[in-house]
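Working notes for the structure below.
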Amino acid sequence: MSKTGIFYSFHTNKTSKVSEKIIEAFGRENLEVVNAEEVDEENFLKFDNYIIGVATWWDGELPNYWDEFVPAIEDLDLSGKKFAIYGLGDQKGYPENFNDGVGIFAELVESRGATVVGHTSREGYTYEGSRAECGDNEFYGLCIDQENQPRLTKGRVEKWVESLKKEFK
């Protein structure tokens, strides 16, 4: 398997918990874990495959640590690299921009030549709008709602990770 990094903020409670579930399902020995708050261009570019954790803040914004790294990403050539993106959102509390962070990040890396893998079904979610939507009935990545659907998280993570293992070969 190619070199894979998982990037998320170590200081986010819910995203960190979901990240640990992903790491456990993927196998810690198969991943390099990187704190998204400390990433730089050199460290970012050393991977072939990326698993990116991105929450959606406020009214559909990236968290500060990712938002501050966007200008650096905009200058990178990510051709040949694969990105799998997961995020947390609240489909009842923020139904008009549910998990927008996933879509914002997917659009960003695709614009730099990367391939986004790990699309998931939108079935089972109820919200008004989301930039995470792509295709007929898919999200760009794994959308988790710990506020309203915490019992579905483990199964969603395991199914997603199994698909990534095939994509990342």
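The values are calculated or read from the model by the stated rules, or taken from the named source; none is laboratory data. For clarity, every value in this text was computed on a predicted model and none was experimentally measured. For neighbour counting, all protein chains shown are included, and Cβ atoms are generated from backbone atoms with ideal geometry for every residue, glycine included.
Before we move on, is Thr115 under 17 Å from the mean Cα position of the chain (by Cα), of a type in the set (Val, Ile, Thr) and either at pLDDT below 95 or more than 19 Å from Ala25 (Cβ to Cβ) (or both)?
Yes: the conditions hold for Thr115.
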How many residues are hydrophobic (A, V, I, L, M, F, W, C) and either in contact with a Ser or Thr (Cβ under 8 Å, 6 or more places away or on another chain) or part of a loop (DSSP other than H, G, I, E, B) (or both) when one looks only at the range 73-95? 4
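Looking at Glu32, Glu61, Glu42, which is the one that is at pLDDT 95 or above and acidic (Asp, Glu)?
Result: Glu32 is the single residue among Glu32, Glu61, Glu42 that is at pLDDT 95 or above and acidic (Asp, Glu).
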Cβ-Cβ under 6 Å pairs, at least 6 apart or on other chains, the range 4-22 side part of a helix (DSSP H, G or I), far side polar (S, T, N, Q): Lys14/Gln146
Where a residue in the range 82-98 is of a type outside the set (A, V, I, L, M) and modelled with pLDDT under 95 and its partner, wherever it lies, is in a strand (DSSP E or B) and surrounded by 21 or more Cβ atoms within 10 Å (Cβ to Cβ), with Cβ under 8 Å and at least six apart: Gly89/Cys143; Gly89/Ile144
Exactly one condition in (1) within 19 Å of Leu152 (Cα to Cα); (2) surrounded by 14 or more Cβ atoms within 10 Å (Cβ to Cβ) is false for Val33; which is it? (1)
Looking at Glu41, Glu29, Glu37, which is the one that is more than 16 Å from Leu142 (Cα to Cα), acidic (Asp, Glu) and out of contact with any helix residue (DSSP H, G or I) (no Cβ under 8 Å at 6 or more places or on another chain)? Glu29
Starting from residues that are under 14 Å from Asn99 (Cβ atoms) and in contact with a strand residue (DSSP E or B) (Cβ under 8 Å, 6 or more places away or on another chain), keep the ones in the range 56-76 and report whichever is surrounded by the fewest Cβ atoms within 10 Å (Cβ to Cβ). Pro63
Return the residues of the range 143-157 that are part of a helix (DSSP H, G or I), surrounded by 14 or more Cβ atoms within 10 Å (Cβ to Cβ) and not aliphatic (A, V, I, L, M); say none if nothing qualifies. Thr153, Arg156
Is it the case, given these coordinates, that Ser79 is surrounded by 17 or more Cβ atoms within 10 Å (Cβ to Cβ) and either of a type in the set (Ser, Thr, Tyr) or within 13 Å of the chain's Cα centre (by Cα) (or both)? no
Of all residues in the range 100-124, which are under 24 Å from Lys21 (Cα atoms), touching a Phe, Trp or Tyr at 6+ places or on another chain (Cβ under 7 Å) and in a loop (DSSP other than H, G, I, E, B)? Gly118, His119, Arg122
Within the range 24-53, restricting to residues that are under 16 Å from Val117 (Cβ atoms) and in a strand (DSSP E or B), the one that is farthest from the chain's Cα centre (by Cα) is Asn49
Could you please let me know if Arg131 is surrounded by 15 or more Cβ atoms within 10 Å (Cβ to Cβ), more than 23 Å from Val39 (Cα to Cα) and within 14 Å of the chain's Cα centre (by Cα)? yes
